[in-house]
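Encoded as structure tokens, the structure appears first; notes follow it.
The values are calculated or read from the model by the stated rules, or taken from the named source; none is laboratory data. Quantities reported herein were computed from a predicted structural model and do not represent experimental measurements. As a convention, Cβ positions derive from the backbone with ideal geometry for all residues, glycine included, and neighbour counts pool all protein chains shown. Note: accessible area is taken over every heavy atom of the protein model, side chains too, but ligands, DNA and RNA are not part of it. Shrake-Rupley method; radii C 1.70, N 1.55, O 1.52, S 1.80 Å.
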Amino acid sequence: MICKTAIILGYKFVTTPVLIHLFSRNIQMVCSSPDQVIIIIIKTYCYNLVIIDFDDSVLVKSIRFLDRVAVSLYQQKKERYIMSFTGKSFPSITVDAIDYLGDNLQINIFEKAVKEGKKVLLFWYPKDFTFVCPTELHAFQEAAAEFEKRNTVLIGASCDTNEVHFAWLNTAKDNGGIEGVEYPLLADTNRNLSSILGILDVQEVEHPEYGTLAQGSAVTYRATYLIDETGRVFHESVNDMPLGRNVKEYLRLIDAYAHVQKFGEVCPANWEEGKDAMNADRKGVADYLAKH
């Protein structure tokens, strides 16, 4: 270890490595005491980390070490957010939104599911006024009654502003618009939720003069989340930007999950409403395979 003591300002004493982005250009020597104990502050994106007990003789080596491990530490930090949420609670984050009437909203997907006792289908698309995107929004709208039958709320989302959403909602379908879409659209302009979900097309690169810069479009892939009445994610998928979704598949997944909820059976491959499900044990799978 290169340090004996580590303190995060405002937080409790810690002795384990902190997975944060450390670069030597952000290291400042604050003071050097007469007994050669040096205190330095490493400024990071998230915290100020104070490391104590550096000896002069190892200071340069320590700084080089920090610089060398910076990328791997930062990658570990990022990986905490680029993760699957299936089987976990959806992040409880409030996001700006707008409806087709032009009313500005604040929507927390997790709270909406729990408070209203409904399933939620949240689908992300890259940008308003583009190409594949309006075909998907219209496809979901055409199936809105089917989702409603299944106690499921539809919500679209991108990183565009409410104003851009509303302009698109008022653009005719035959002119590339989404006029007629009635479910709300999230406006994740600060990218808080999409960053937590890890669905942004963005990478961080180091510029020799300007430090950390973003590379990529910083818009979302076509990510889809199915959330149950407890706020738990029971399906997620992410398509690359050129690949539109099949709306019927999400109806099938909701039917399958509702069957599991109601009967406790599991749904085999290609299951559809009305087909055989099976018990989740050896006899159940044997009986099912014998019939099919």
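Looking at ARG252, ARG245, ARG282 in this structure, which one is of a type outside the set (S, T, N, Q) and either touching a residue at least 60 places away in the same chain (Cβ under 8 Å) or on the phi > 0 side of the Ramachandran plot (or both)?
Testing whether each residue is of a type outside the set (S, T, N, Q) and either touching a residue at least 60 places away in the same chain (Cβ under 8 Å) or on the phi > 0 side of the Ramachandran plot (or both) leaves just ARG245.
Give, as residue ranges, the strands (runs of 3 or more DSSP E) completely inside region 202-288 that count at least 1 residues that are of a type in the set (D, E, K, R) and surrounded by 12 or more Cβ atoms within 10 Å (Cβ to Cβ).
Once the strands (runs of 3 or more DSSP E) in region 202-288 are filtered for at least 1 residues that are of a type in the set (D, E, K, R) and surrounded by 12 or more Cβ atoms within 10 Å (Cβ to Cβ), what remains is 203-207, 222-227, 233-239.
Within region 120-146, which residues are surrounded by fewer than 21 Cβ atoms within 10 Å (Cβ to Cβ) and farther than 24 Å from GLY176 by Cα?
Selection gives GLU146 alone.
Hey, could you check region 122-156 for residues that are under 19 Å from ARG191 (Cα atoms) and of a type in the set (D, E, K, R) and say which is farthest from the chain's Cα centre (by Cα)?
ASP128
Starting from region 181-204, take each residue that is under 21 Å from THR86 (Cα atoms) and among the polar types (S, T, N, Q) and list its partners that are open to solvent by 10 Å² or more (accessible area, probe 1.4 Å) and not in a loop (DSSP other than H, G, I, E, B), counting only C-beta distances under 6 angstrom and pairs at least six apart or across chains.
Qualifying pairs under 6 Å: SER194/LEU200.
Yes/no per residue for (1) modelled with pLDDT of 95 or more; (2) of a type in the set (Asp, Glu):
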residue: THR130; (1), (2): yes, no
residue: GLU142; (1), (2): yes, yes
residue: ARG150; (1), (2): yes, no
residue: TRP168; (1), (2): yes, no
residue: GLY180; (1), (2): yes, no
residue: LEU193; (1), (2): yes, no
residue: VAL205; (1), (2): no, no
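Out of all the residues in region 159-170, is one or more within 26 Å of GLY117 (Cβ to Cβ), under 19 Å from the mean Cα position of the chain (by Cα) and not in a strand (DSSP E or B)?
The answer is no; no qualifying residue exists.
Only residues that are aliphatic (A, V, I, L, M) and touching an Asp or Glu at 6+ places or on another chain (Cβ under 9 Å): list them for region 165-201, please.
Within region 165-201, ALA167, LEU169, ALA172, ILE178, LEU185, LEU186, ALA187, LEU197 qualify.
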